[in-house]
Amino acid sequence: MTTTLDQTIEQKQHTWLTSITSNQTFWVVIAVILACIFLSFATESFATSKNLYNITRNVTFVAIIALGMTLVIITGGIDLSVGSVLCLCSMVLAVTMNAGYSLEIGILASLGTAIIVGLFNGILIAYLGFPPFVVTLGMLSLARSLAMVASNNTVVFQFGPDHDLLLALGGGAWLFGIANPVLYMIALALLTGFVLRWTRFGRHVFAIGGNEHAATLTGVPVRPIKVAVYVISALSAGIAGIIQTGWLGAVTTNIGAGMELQVIAAAVIGGANLAGGVGTAFGALVGAALIEVIRNSLGLLGINAFWQGTFIGGAIILAVLFDRIRNLRQSQ
Amino acid sequence: MEGEPARCYDRAGFIAPRTDDRHMSALQAASAAPFLDLIDIGKTYPGVVALSAVNLSVAPGEVIGLVGENGAGKSTLMKILGGVTAPSEGTIRIDAAEHAAMSVKDATKAGIAFVHQELNLFDNLDVAANVFIGREPRFGGLLNLIDTRALHEKVTPLLRRLGADFGPATPVAILSLAQRQLVEIAKALSLDARLVIMDEPTSSLTASETARLLDVIADLKKNHVSVIFISHRLQEVERCADRVIVLRDGKVVGRLDRAQIQHDAMIRLMIGRDLKSLYIPPAAPPREVALDLAEVRTAAFPSQSVTLGLRGGEILGLAGLVGSGRTELARAIFGIDRRLGGQIKLLGQVLEIAEPRNAIHRGLYLIPEDRKQSGLVLDFSVAENISLANLPAYARASLVQDNAETRNAEQQKAKLKIKVPSVATRTSSLSGGNQQKVVLAKWLSMSPKVIIFDEPTRGIDVGAKGEIYELMRALADAGVAILMISSDMEEVIGVSDRIAVMHEGRISGILERNEFSEDRVLQLAIGKSLREPPAMKLAMGG
């Protein structure tokens, strides 16, 4: 027994360096930094403040939703409806304000819609045992259709009395010239990171993803927490929708189409494991950043935009490849 | 005893030998040269010697009983035979060829087939498709479609040979466990198996289904197919085995010829030490009833009910065969499954339990059979696992306080002697015994009134077992009522203050400590009432 114990202790005494280098998120950060350095030298337009402003702002919408998605993925679930929910929430905001209501009412209506959608997803999944894939696939179709119904499939670009306030909310730069969406993203990321690391709720989320059965037998309120996670995911889509509306100044019924895949890609590139139990808020941001840097750089380097999917797909597979190699090495 | 196998042979009259060159009598077959030899096989896992220097040879038409306690190394040996696991040392000789290790494909090619305890069938397909999965007869040509008629023509004689009462087109989903077993055996026969390994094949069968299976084994034997029969049911081993190999702690501790195969001899070899040496007497007489079950019914046996009183300060062993309804009873008490009826009282108060949280809230805890699947979040650290059941105790304003969590984990680590470098270590890297202690620590940090242990020491090495028994006794002495479900006879007899035995969903008897004997427990477990008057009286009294 003593030798086994010593061996175990020895194995556990990873140096600081090995534990860092075996981390998928670390390598994604390195990839982002290297790409940025390369682009600064290779192109003249990358390291301009205008381009960096664009990149950071573009990252935010995917990143904010990826934060909520990360929670869902940690519990072992998936939420395919976020793109459509973003559209629906934007449209509810737009239609409400267009009808002459204030910004506050519009935001409340929009977030209320997100909560209802999240509750619907979550209750079906947690209490009725639906597979998350199926429920949220249904919601993907349902939410976008409702957005079309709400707006009669028109573009809304008049937001009533608080029109300018909404545009400033999403399009302004209130602090040190940093785009407002970036500030929201940072605040939400800090909040998510804090919740995951320090709260009971966060601990329970990880426990459910790590071993749902054991969590139930240990008295973790598994079902309420699963519902909460889908509500948070829908809320993050709603928040992103509100900010995006303010930034774009218009809402169409095809915004956010296909966005769910970018969001899932960001979370997975950032280290979230679709099998559950693993994921971080920082990873979600970094994953979203890598996708945006790839997109931006292809444009700047003059590479045909059709290649974009190839590079992003490659990044997903490469990021997870690191993780697989580490797992294979451990199991041998 | 001698008459039983003879009867088996008679029944097999209709069976045609597989090939002409093997047209020998069963007796000749048993003495033929072995086609499979395991030579000095050893298997070491990190920190555990699962097998050492095991020798085993199998001759055509031989039925070998393989017995041993849980954790004796039977399943490791079978995994090696099936090519699932490579041995650390030793050689496998098949016919003349020697292998250091086999792949699953090698094993199949050598004619080794398994009938697993958990049957590996595709529920959504029919019988014929299951038997020939991956080897379906085809029409050939461009599309090369499956020839269903030929498939059925191949499967029908196999089923008839096994005396099956279902056809090739029957969906597997509607078959009983015994019928599914026949499908597995048909699959083995269709592969021209020379050796069929059956792992606890009778554990879920009724008496008549068991008799039918023993007939099938005799048929196989007559056709020169060898069988390795792994079972805890020693009577059946006695009935069908030509010889018996006894494993204990990874070593072969006994080889019994046909004439030597006796129940007591096997038990002695399996256990290898005095049964009662484990017992730690309680410090005080038991207190009043803590957990009172009144006519509790579970979905597993809807027509039976359990009435049982568990006293504070006692360890009540719950014995019975696999499938007797013990785990289902525990699950119903703990609120995992809905119970069909009856009342559960905890310290005189009626318990309304809809889910495990309710039970936990009242001080009724379950330590599940399967630590990895149900007991622990393996990716969590020791400290995180311990605090998970009771996070509010370590949290202020919903924020988990790492200090409080670590402090408690350190206390539990010292108290339970959990051997781990730090409480921040992930539980996935711990040994079985230490994992079990972490599960225990989780509940001991709260205030237990009743703890149900389901197979508390399964897969745990002997040293850690003793420590867990000491902890159970210390808990009981502190007034906690302990219900210990165990299939390990040594454990049930060695640790319990009383034993309740279940058979097919009901309590078939209760034994006090002075009447403990393996024989009595087994009698009750197979549903017979005890012949001895004093035991009978007490069984009724419980």
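The values are calculated or read from the model by the stated rules, or taken from the named source; none is laboratory data. Everything numeric in this text was worked out from a predicted model, so none of it was measured. Here Cβ is always computed from backbone atoms with ideal geometry, including for glycine, and neighbour counts include all displayed protein chains. All accessible areas refer to the heavy atoms of the entire protein, side chains included, with ligands and DNA or RNA removed. Shrake-Rupley method; radii C 1.70, N 1.55, O 1.52, S 1.80 Å.
Considering every Cα-Cα pair within chain B, what fraction, in whole percent, is farther apart than 41 Å? Mind showing how you got there, number by number?
On the way: 43074 of 146611 pairs.
The answer is 29 percent, as a whole percent.
Per residue, what accessible area does chain A have, given a 1.4 Å probe and all protein chains present, in Å²?
Details: 15260 Å² over 332 residues.
For chain A, the per-residue accessible area is 46 Å².
Using alpha carbons only, how many angstrom separate the centre of segment B:442-479 from the centre of segment A:294-332?
50 Å
Assuming a ≥ b ≥ c are the square roots of the Cα gyration tensor eigenvalues, decide whether segment B:180-337 counts as rounded (a/c under 1.5), prolate (otherwise, with a/b larger than b/c) or oblate.
Numbers: a/c = 3.20, a/b = 1.56, b/c = 2.05.
Because a/c hits 1.5 or more and a/b fails to exceed b/c, segment B:180-337 counts as oblate.
For the Cα atoms of chain A, what angle does the longest principal axis make with the long axis of helix A:2-12, in degrees from 0 to 90, nearest 10?
That helix lies at roughly 30 degrees to the long axis.
Rg/Rh for segment B:95-207 to two decimals, with Rh computed the Kirkwood way over all alpha-carbon pairs. All intermediate terms of the calculation are to be shown ahead of the outcome.
On the way: Rg = 15.2 Å, Rh = 15.2 Å.
Result for segment B:95-207 is an Rg/Rh of 1.00.
In deg cm²/dmol, rounded to 500, what helix-only [θ] at 222 nm does chain A give when every DSSP H run of at least 4 residues adds -39500 (n - 2.57) and the total is split over its residues? Walk me through the numbers before you get to the answer.
Numbers: 15 runs with 250 residues, N = 332.
Taken over chain A, the calculation gives -25000 deg cm²/dmol.
In the protein assembly as shown, what percent of the accessible surface is made up of carbon and sulfur (1.4 Å probe, ligands and nucleic acids excluded)? Please list the in-between numbers first.
Values: 22500 of 38330 Å².
Answer for the protein assembly as shown is 59 percent, counting heavy atoms of protein chains only.
How big is the shadow of the Cα convex hull of segment A:193-271, averaged over all directions, in nm²? Don't skip to the answer; put the middle values down first.
Working: hull surface 26.6 nm².
Mean shadow area of the hull around the Cα atoms is 6.6 nm².
State in Å² the accessible area per residue of chain B; use a 1.4 Å probe, count heavy atoms of protein chains only, and round to the nearest integer. Walk me through the intermediate numbers first.
Working: 23080 Å² over 542 residues.
For chain B, the per-residue accessible area is 43 Å².
Of the residues A:ILE116, A:ILE243, A:ILE74, which exhibits the maximal mean-square fluctuation in a Gaussian network model of chain A defined by a 10 Å Cα contact cut-off?
The residue that fluctuates most here is A:ILE116.
Residues of B:355-368, mean number of Cβ from any other protein chain within 10 Å of their own Cβ, rounded to a whole number?
Details: counts 6, 7, 7, 1, 2, 4, 1, 0, 0, 0, 3, 2, 1, 4.
Across B:355-368, the average partner-chain Cβ count within 10 Å equals 3.
Which value, in Å³ per residue, describes the convex hull spanned by the Cα atoms of segment A:197-243?
Dividing the Cα hull volume of segment A:197-243 by its residue count gives 74 Å³.
Provide a whole-number value for the mean count of partner chain Cβ atoms within 10 Å of the Cβ atoms in peptide B:371-382. Intermediate values should be presented prior to the final figure.
Numbers: counts 1, 2, 4, 7, 5, 4, 14, 4, 9, 7, 0, 0.
For peptide B:371-382, the averaged partner shielding equals 5.
Cβ under 11 Å from A:GLU212's Cβ, A:GLU212 left aside: what net charge do those residues give with Lys, Arg +1 and Asp, Glu -1?
Working: positive: A:ARG223, A:LYS226; negative: none.
Around A:GLU212, the charge tally is +2.
For n ≥ 4 DSSP H runs only, could you compute -39500 (n - 2.57) per run for chain B, divide by its residues and tell me the 222 nm figure to the nearest 500? Intermediate values should be presented prior to the final figure.
Details: 19 runs with 184 residues, N = 542.
One gets -10000 deg cm²/dmol as the mean residue ellipticity at 222 nm.
Which percent, nearest 5, of DSSP beta bridges in the protein assembly as shown are antiparallel?
Working: 47 of 83 bridges.
Bridges in the protein assembly as shown that DSSP calls antiparallel: roughly 55 percent.
Hey, any idea what the orientation-averaged projected area of the convex hull of the protein assembly as shown's Cα atoms comes to, in nm²?
Values: hull surface 176.0 nm².
Here the figure is 44.0 nm², rounded to one decimal.
Please state the equivalent ellipsoid semi-axes for segment B:332-394: what are the square roots of 5 times the Cα gyration tensor eigenvalues, largest first, in whole Å? Don't skip to the answer; put the middle values down first.
Numbers: eigenvalues 129, 43, 13 Å².
Ellipsoid half-lengths, sorted descending, are 25, 15, 8 Å.
Any residues in segment A:197-215 that have 10 Å² or more less accessible area with all protein chains than in their chain alone, probe 1.4 Å, and which are they?
Residues shielded by partner chains are A:ARG197, A:TRP198, A:THR199, A:ARG200, A:ARG203, A:HIS204, A:PHE206, A:ALA207, A:GLY210, A:ASN211, A:HIS213, A:ALA214.
For segment B:160-202, what number results from the quotient of the Cα radius of gyration and 2.2 N^0.38 Å?
On the way: Rg = 10.7 Å, N = 43, 2.2 N^0.38 = 9.2 Å.
Here the answer is 1.16, to two decimals.
Taking N as the number of residues in segment A:135-207, what is its alpha-carbon radius of gyration divided by 2.2 N^0.38 Å?
On the way: Rg = 18.2 Å, N = 73, 2.2 N^0.38 = 11.2 Å.
Normalised Cα radius of gyration, segment A:135-207: 1.62.
In bins 5 Å wide, starting from 0, what share of all Cα pairs of segment B:273-356 does each bin hold, as a percent?
3, 13, 20, 22, 17, 12, 8, 4, 1
Rg over Rh of segment B:274-415, using C-alpha atoms and the Kirkwood radius, what does it come to? Numbers along the way, then the final one.
On the way: Rg = 17.9 Å, Rh = 17.7 Å.
With Rg and the Kirkwood Rh in hand, the quotient comes to 1.01.
What order do you get for B:242-253, A:293-304 when each peptide is scored by the mean count of other beta carbon atoms within 10 Å, highest first? Spell out each step's value before the answer.
Numbers: B:242-253: 20.5, A:293-304: 15.6.
Highest mean packing first, the order is B:242-253, A:293-304.
Mark the label point 7 Å from the Cα of B:LYS372 along Cα→Cβ and return the residues of segment A:190-224 whose backbone N is within less than 20 Å of it.
Taking a point 7 Å out along Cα→Cβ of B:LYS372, the residues of segment A:190-224 whose backbone N falls under 20 Å are A:207-218.
Mind putting together the pair-distance distribution for chain A? All Cα pairs, 20 Å bins, whole percent per bin, short to long.
Percent of pairs per bin, in order: 30, 56, 13, 1.
Remind me, what semi-axes does segment A:219-310 give for its equivalent ellipsoid, largest first in whole Å, using sqrt of 5 times each Cα gyration tensor eigenvalue?
Numbers: eigenvalues 162, 77, 22 Å².
Semi-axes, largest first: 28, 20, 10 Å.
Any chance you could list the semi-axes, whole Å, largest first, of the equivalent ellipsoid that the Cα gyration tensor gives for segment A:53-162, using √(5λ)?
Working: eigenvalues 137, 63, 30 Å².
Working from the Cα gyration tensor, I get semi-axes of 26, 18, 12 Å.
Would you please put B:135-147, A:307-319 in order of how densely packed they are, using the mean number of other Cβ atoms within 10 angstrom per residue and starting with the highest?
Working: B:135-147: 11.6, A:307-319: 14.5.
Most protected by this proxy first, the peptides run A:307-319, B:135-147.
Restricting things to alpha carbons, find the Rg to Rh ratio for segment B:374-490 using the Kirkwood radius for Rh. Intermediate results must be reported in sequence, preceding the final value.
On the way: Rg = 14.1 Å, Rh = 14.6 Å.
Rounded to two decimals, Rg over Rh is 0.96.
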